[in-house]
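Rule-based calculations on the coordinates, nothing more; no lab input. Just so you know, these numbers come straight off a predicted model, no measurement behind them. Cβ coordinates were reconstructed from backbone atoms using ideal geometry, including for glycine residues, and neighbour counts include every protein chain displayed.
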DNA sequence: ATTCAAAACGTCCGAATCGTCCATTAGTTT
DNA sequence: AAACTAATGGACGATTCGGACGTTTTGAAT
């Protein structure tokens, strides 16, 4: 009678609480931790219970974000995380924002899913609330900062797979666009699907992109445009850049909130995407994975 | 000896601080050192907390690097790290930038030292090279991104389990200033010296700071001004904000490259600092550290 | 249905930590 | 100088923890 709940394995709980696996097994057997057992004797701990007990101070807590449901026991649905992030954001709960995003990553969700299905909707919601005057600027800033910090934390975790011979992608946000998050997520998503990515960050002039073509010879350049300061100048510079890239056979991917249809139709590009899902899909066609470079997602 | 990194045992902390195990146990029981306990009663000390307290000078400091596995056998003088970071930055070696900054933190250097003595000089050097045309924009962007990422990585490590009531500081960069690093470092430095800090990030309008006064009732507000878009508007809004803060008895600390003497002399503030060393020193006078576990000496 | 690798199981046992007591040391007072 | 107090840390037996081992379960792919 497996009820629909979120379960964690002994190893996960051990890591979350900062103790050894054997200790978790003992605690369960002694009734300190509630758990159910499968027919074969494997312990299934309810992550909600563990989180509750840890918060009550009865247990140490190393990183509770590791306790979120995994793809193994319950299909980790991005919607759950999106929901949770929305609640955390509107409630101005900075710690929950962090643990939700980090938890989503630990649950094995791909970077582009975290970006498109979890963070983007939540930030859009925040934007709407802000425009409607139901959310003060200060909260919007806190939330943004929390998201950026969480994603940088993921970046630090991601730093592991350093294998050579990966194609290079360079990107950033154009001059006048000061948003950090979108371009950072793009870099990480590309990283996650087998590319070497170089993020130039926000407010990067086209001259930097141009010199990147020669200096690093990337296979792909991405533009993440959340905001465009001066459309005419942007178009001008962009077109000139695009011609140079095209002459070298370098793909140019563009995306971002600022590129609505009215703008987009006037641009040339190799690929456009409303989100990172399209970007990574495109990147995979450029550089089809030999084996399976994705993170574990069993 | 699991040494998860986030937790340390009494023996490890004892060795790191150069005291006996019994003393550590007593300090924990007396609340001098924050710790969590396992179900079986074993103490788990957060290495971040220990490091923070040790840096505050409230604890003896024998060899902090023993608490942190990655730190190894490097004479930990700030100058060494500054040198290394300078070389890494000018050489566009992103991975070295990261390892130098993270290494400095692991070596037990205080956040304000890392900011003032290591990162700031390196970034100033980068700025000079850039102005002299010896460094392309793209490198300047890469270097900045690498530093930001590294500091965010430190932020993730800094998460502390100590819930003791700490005074609140709120800060950020004013509207028009899009630099992330300075304000982030300020937040972390304050965090590191016993404050609860809330970083509103770059490009924060004064209205947000004003509403922060009422909503969160901080004891300190910091402004990190790396760049000022419109001096007249800035002055105007700032003065109005300062009056409100003063009326509430809230300290206002200002700093940053943009506040040269010509600007500064026209401003009112509770405290000005060229770097974070001054900010943390000031913060400590506002909130002097509690009683010391060391022997009394007059 | 069968196969297979990853993960979890149970058990054992050395090592680490616990709480307590008490001798030693450092700093202060008489 | 002697007495006193406070803090320290070593030494116990008892308890808890966690790594290692070979075995079993699990889930997914064949």
* Asked: What are the label-to-label distances in nm, one decimal and shortest first, from residue A:211 to the same spot in the other copies, with labels 7 Å along Cα to Cβ?
  -> 4.0
* To do: For chain B, with a Gaussian network of springs between Cα atoms less than 10 Å apart, report the residue from B:255, B:40, B:20 with the top mean-square fluctuation.
  => B:40
* Asked: Given Cα pairs under 8 Å that are at least 6 residues apart, what percent is the relative contact order of the stretch A:168-298?
  -> 27
* How far is the Cα center of the stretch B:85-113 from the Cα center of the stretch B:270-286, in Å? -> 23
* To do: Would you please state the base-10 log of I(q)/I(0) at q = 0.10 1/Å for the stretch B:89-224, with intensities from the Debye formula using one equal scatterer on every alpha carbon?
  => -0.36
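Can you give the helix-only mean residue ellipticity at 222 nm for chain A, where every DSSP H stretch with n ≥ 4 adds -39500 (n - 2.57) and the sum goes over all residues, rounded to the nearest 500 deg cm²/dmol? It would help to have the intermediate numbers written out before the result.
Numbers: 12 runs with 141 residues, N = 298.
Theoretical 222 nm ellipticity from helices: -14500 deg cm²/dmol.
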* Asked: Highest mean first, what order results for B:273-281, A:184-192, A:53-61 on Cβ atoms within 10 Å?
  -> A:184-192, B:273-281, A:53-61
* What do you get when you divide the Cα radius of gyration of the protein assembly as shown by 2.2 N^0.38 Å, with N the number of residues? -> 0.99
* Asked: Can you pull the mean other chain C-beta count within 10 Å for peptide B:151-161?
  -> 4
* Asked: Hey, what angle do you get for helix B:94-106 against the long axis of chain B, alpha-carbon based, 0 to 90 degrees rounded to 10?
  -> 50
* Asked: If one takes the longest principal axis of the Cα atoms in chain B, at what angle in degrees, from 0 to 90 and to the nearest 10, does the Cα axis of helix B:120-131 lie?
  -> 30
* Averaged over B:10-20, how many beta carbons belonging to a partner chain fall within 10 Å of each residue's beta carbon? -> 0
* Asked: Under the Kirkwood approximation applied to all pairs of distinct alpha-carbon atoms, what is the hydrodynamic radius of chain A in Å?
  -> 20.9
* To do: Mind jotting down the three principal axis lengths of the stretch B:145-257 based on Cα atoms? Whole angstrom, largest first.
  => 40, 34, 19
* How big is the shadow of the Cα convex hull of the stretch A:152-215, averaged over all directions, in nm²? -> 4.4
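Per-residue mean of other chain beta-carbon atoms within 10 angstrom of the beta-carbon, peptide B:137-149? Don't skip to the answer; put the middle values down first.
Values: counts 11, 14, 4, 3, 11, 9, 0, 4, 11, 2, 0, 5, 7.
Average neighbour count from other chains, rounded to a whole number: 6.
Counting alpha carbon pairs within less than 8 Å and at least 6 residues apart, what relative contact order, in whole percent, applies to the stretch B:89-189?
Working: 63 pairs, mean separation 37.0, N = 101.
In percent, rounded to a whole number, it is 37.
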* If you put a point 7 Å past Cα along the Cβ direction, how far is that point for residue A:130 from the same point in each other copy, in nm, smallest first? -> 2.4
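If I take every Cα pair under 8 Å that is 6 or more residues apart in chain B, average their sequence separation and divide by the length, what percent do I get for the relative contact order? Intermediate results must be reported in sequence, preceding the final value.
Values: 451 pairs, mean separation 45.0, N = 298.
This gives 15 percent for chain B.
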* For label points placed 7 Å from Cα toward Cβ, what is the shortest-first list of nm distances from residue B:236 to its copies? -> 3.0
* Angle in degrees between helix A:276-286 and the longest Cα principal axis of chain A, rounded to the nearest 10 -> 70
* Say each of residue B:248 and residue A:131 gets a label point 7 Å from the Cα, pointing the same way as Cα to Cβ; how far apart are those two points in nm? -> 3.0
